[in-house]
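So the structure is just underneath, and the comments pick up after that.
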Amino acid sequence: MAGQLGIPDGIRELLPEVAGKHVLHLQCATGESTAELVALGALVSAVDISTEALEVARERAPDVAYVHADAHDLPLELRRARFDLVYTGGGVLHWLHDLDSWAVGIAAALKPGGLLLLYDNHPLSECVDPLGHWREDYFDDALQVTSGWEHFELTGPAATEQKHERHWQLGQIVDAITGAGLGVTRLVEFQTLYNWLQRDRRVPWEFALLARKPE
């Protein structure tokens, strides 16, 4: 599933205790998951590249330090090793064009012993339709440009523009994270986190990864 639809139950089970902890929500979109982190007692900073999305997020969860920034190039204020948790997920990785710079920023944001919790569409799921029919090359990580998609609707007509995305392989994701100095502690593949969707359950549709910064 693309976009932020809140924290799925399967991901909540992996979420550490966040009450009173400093949490960075990367690529927060319109703040559904951000609001849930606040409700759990976290002290949240949230980042997104879309000013329109951040406007909606501020209305949904006003008690958050929002930062308009690119996930590839986090500002210095977020790279001071002060966060207990970096949380990101729900259709975010395909927007990234450079996993290495993204992962380095996460490592810089985390305090020693801090944790990354990432969940997203499983790379294999990008290759099949909901019935499990193969339609894409798993190893094709070239930049894909699609025109004429409606990506966001605030109060007026949805904006229509080009979409630039890249479908990363699972190994590339892990390599970027470990290359930034984080140690992967768990990798979970899910049949699906969204049980109401009609999907071929022989395919992993989402995954979650936990990685820790050394003490």
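Each reported figure results from applying straightforward, stated rules to the coordinates on display, with no laboratory input. On a predicted model such as this, the values are computed, not experimentally measured, just so you know. Because the Cβ atoms are built from the backbone with ideal geometry, glycine has one as well, and the counts that use them run over all protein chains shown.
Table for the structure above
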{"read-out": "Restricting segment 14-105 to GluC sites (Glu not before Pro) in coil, as DSSP defines it, with at most 12 other Cβ within 10 Å", "value": "17"}
{"read-out": "Relative contact order [Cα under 8 Å, 6+ residues apart], the chain, whole percent", "value": "19 percent"}
{"read-out": "Environment charge of residue 49, counting only residues whose C-beta is closer than 11 Å and scoring Lys/Arg +1, Asp/Glu -1", "value": "-4"}
{"read-out": "Most mobile of 88, 192, 51 in a GNM of the chain (Cα contacts under 10 Å)", "value": "51"}
{"read-out": "Among [x] 61, 38, 27; [y] 45, 43, 31; [z] 42, 37, 35, the entry derived from the coordinates for Cα extents along the principal axes in Å", "value": "[y]"}
{"read-out": "Student exercise, segment 21-153 dipole from Lys, Arg, Asp, Glu Cβ charges, in Debye to nearest 20", "value": "800 debye"}
